[in-house]
Amino acid sequence: MRKRILSVVLTVLMLAAMVPSAMAATLEEINQDEVFLKQQQRGTCTLASTAMMLRRAAMLNGDENWAQITEASCREAFWLSGRGLPYNFSYGEMTVGHDRLPGGQANEAVLIDLLEEHPEGIMLHAACVPHGILLTEYKDGQFYCADPSEYAEAGIIPIEEAWGTRVENSNAYWYVTSQVAQPQEKPVLPAPSVEVEDSVSDLMAPLATQETETAACLIGQALVEQNGTN
């Protein structure tokens, strides 16, 4: 009896493990314009950029409530009044850490590697400006970002169009240290297929058969009438 109960329990656990959790978002979904924010007031660029980073991380982890992550909710959760963004903090189950960059051209290789590890992006800060942005992607030799400044376009833009912050002049970054799922692949729908007859002769075959049968019937009818007359 115990073996049977144990077997049932193990089966249930295995089935539970096989059931997928909430699906991670795709790159297309986390790159939608409505995911990104503009800062609500001066001096909160790092706060708004971090909120955008957390939104994308939540989406990748299948959190349907990602839109509830806002500058206001982040301010309440971890913002230090008069000091700004702490080096290490948490928001719900997500944790965030801080690190420094080597500076200058050496920043490029470091940031490329970081973006490979963090599809949600990293909060990049240039103290010399000062200004913080969300660095989102490196593709075909180009860095892309979302800038919370009112002086920059909304959504994802090349970093050269951000307000002041560049790869070379950045000195630090914040990143999600808790687990973030990789983006789901966009589903590929099968192409519709239509079966076509091999040739025109295949299409004409039924008509030819019908004509032959009709001709045979007429011949047979004529023979019957002739015999009847004779």
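The values are calculated or read from the model by the stated rules, or taken from the named source; none is laboratory data. Remember, it's a predicted structure, so these values are computed and weren't measured experimentally. In this analysis, Cβ positions are derived from the backbone assuming ideal geometry, glycine residues included, and neighbour counts consider all displayed protein chains.
Could you tell me how many of the residues in the stretch 112-135 are assigned to a loop (DSSP other than H, G, I, E, B) and among the charged types (D, E, K, R)?
Within the stretch 112-135, residues that are assigned to a loop (DSSP other than H, G, I, E, B) and among the charged types (D, E, K, R) number 1.
Mind listing whichever residues of the stretch 148-166 are hydroxyl-bearing (Ser, Thr, Tyr) and touching a strand residue (DSSP E or B) at 6+ places or on another chain (Cβ under 8 Å)?
Ser149, Thr165
Confirm whether Ala181 is among the small types (Gly, Ala, Ser), touching a Phe, Trp or Tyr at 6+ places or on another chain (Cβ under 7 Å) and in a loop (DSSP other than H, G, I, E, B).
Judged against the criteria, Ala181 is not a match.
Looking at the stretch 155-170, I want the residues that are buried (at least 18 other Cβ atoms within 10 Å of the Cβ) and have a partner that is outside any loop (DSSP other than H, G, I, E, B) and aromatic (Phe, Trp, Tyr) with Cβ atoms under 8 Å, at least 6 apart or on another chain. Which pairs are those?
Final answer for the pair search is Ile156/Tyr144; Ile159/Phe143; Ile159/Tyr144; Val167/Phe143.
Within the stretch 60-83, can you find the residues that are in contact (Cβ under 8 Å) with a residue 40 or more places away in the chain and either under 19 Å from Ala152 (Cα atoms) or surrounded by 15 or more Cβ atoms within 10 Å (Cβ to Cβ) (or both)?
Of everything in the stretch 60-83, those that are in contact (Cβ under 8 Å) with a residue 40 or more places away in the chain and either under 19 Å from Ala152 (Cα atoms) or surrounded by 15 or more Cβ atoms within 10 Å (Cβ to Cβ) (or both) turn out to be Leu60, Asn61, Gly62, Asp63.
Every residue in the stretch 90-106 that is assigned to a strand (DSSP E or B), among the polar types (S, T, N, Q) and out of contact with any helix residue (DSSP H, G or I) (no Cβ under 8 Å at 6 or more places or on another chain), please.
Thr95
Go through (1) touching a Gly at 6+ places or on another chain (Cβ under 6 Å); (2) assigned to a loop (DSSP other than H, G, I, E, B); (3) polar (S, T, N, Q) and name the single condition Thr46 misses.
Unmet condition: (2).
Considering each of Ala57, Ala109 in turn, give the residue that is modelled with pLDDT of 95 or more, of a type in the set (A, V, I, L, M, F, W, C) and either loosely packed, with under 12 Cβ neighbours inside 10 Å or assigned to a strand (DSSP E or B) (or both).
Ala109
Among the residues of the stretch 142-149, is there at least one that is surrounded by 13 or more Cβ atoms within 10 Å (Cβ to Cβ), touching a Lys or Arg at 6+ places or on another chain (Cβ under 6 Å) and touching a residue at least 60 places away in the same chain (Cβ under 8 Å)?
yes
Pick from Tyr87, Tyr138: which is assigned to a strand (DSSP E or B), modelled with pLDDT of 95 or more and touching a strand residue (DSSP E or B) at 6+ places or on another chain (Cβ under 9 Å)?
Of the residues listed, the single one that is assigned to a strand (DSSP E or B), modelled with pLDDT of 95 or more and touching a strand residue (DSSP E or B) at 6+ places or on another chain (Cβ under 9 Å) is Tyr138.
For the stretch 29-43, how many residues meet the condition of being within 15 Å of Ala152 (Cβ to Cβ) and either among the hydrophobic types (A, V, I, L, M, F, W, C) or in a helix (DSSP H, G or I) (or both)?
Final tally of qualifying residues: 3.
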